[in-house]
């Protein structure tokens, strides 16, 4: 079978795939030879992206610690670093990544319409989403929690949200849970847009994943606090086209390799790990 041969370019913080000895099969249409050249089976997404030398990745632009546009104009955070690891294993330098802002409501449409190649955006894996897209991972396990004003001692757990106005984001699993709980859910497009209503007392809390809330609290030191224990499981995955099994399995391989070679922990420590403790990543789900 005809194959494309592409030299792997080492991206910052990503281990190179140089292998000594005879040619070996890496699975999912990938092989490496004695020169350290990586080969992807022609026609696979991996080969197409490597040949193009660029990848389009959807991520959040307003999520401190995970995906936040920094002074450079480029997004920074743990999700961004995971995207760079994947790109690096395709031989794509981080300067050749096209970052596209994705909010909770447009992640599936962007994947379905081909506007992005993958989405790495605090993206909870669930069965409803898996009806229209696929997920690699999970690569992190978050949990829904509560953000309140720093002087609020009345809200301490999920039961205190029942019947109360609580801000969350359209298209998110936390918003769905708030509806089920019986809160008066107030929706907007980004979590940062929840902060002013919280300051003004128009809502009593903001509720979403604990890691997102921790970032918002750290970014606005002294104004807010995270209260209570997480009350849901939110496995973060990497969204991609529903029928691209080879690409999904390959990304899972890349994730597992990053756990083993230390690049995952390095990415965490440089971003979310400045605020949150490191926890071992969950096992990927090769459904």
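The values are calculated or read from the model by the stated rules, or taken from the named source; none is laboratory data. Everything numeric in this text was worked out from a predicted model, so none of it was measured. All Cβ positions, glycine included, derive from the backbone under ideal geometry; neighbour counts span all protein chains shown.
The table for this structure:
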read-out: From the options 136, 150, residue that is in the same structural domain as residue 104 (by TED's automatic domain parsing), modelled with pLDDT of 95 or more and either touching a helix residue (DSSP H, G or I) at 6+ places or on another chain (Cβ under 6 Å) or surrounded by fewer than 22 Cβ atoms within 10 Å (Cβ to Cβ) (or both); value: 136
read-out: Residues of the range 47-64 that turn out to be touching a helix residue (DSSP H, G or I) at 6+ places or on another chain (Cβ under 8 Å), surrounded by 24 or more Cβ atoms within 10 Å (Cβ to Cβ) and at pLDDT 95 or above, as a count; value: 4
read-out: Any hit, the range 196-203, residues being modelled with pLDDT of 95 or more, assigned by TED's automatic domain parsing to the domain that holds residue 176 and assigned to a strand (DSSP E or B); value: no
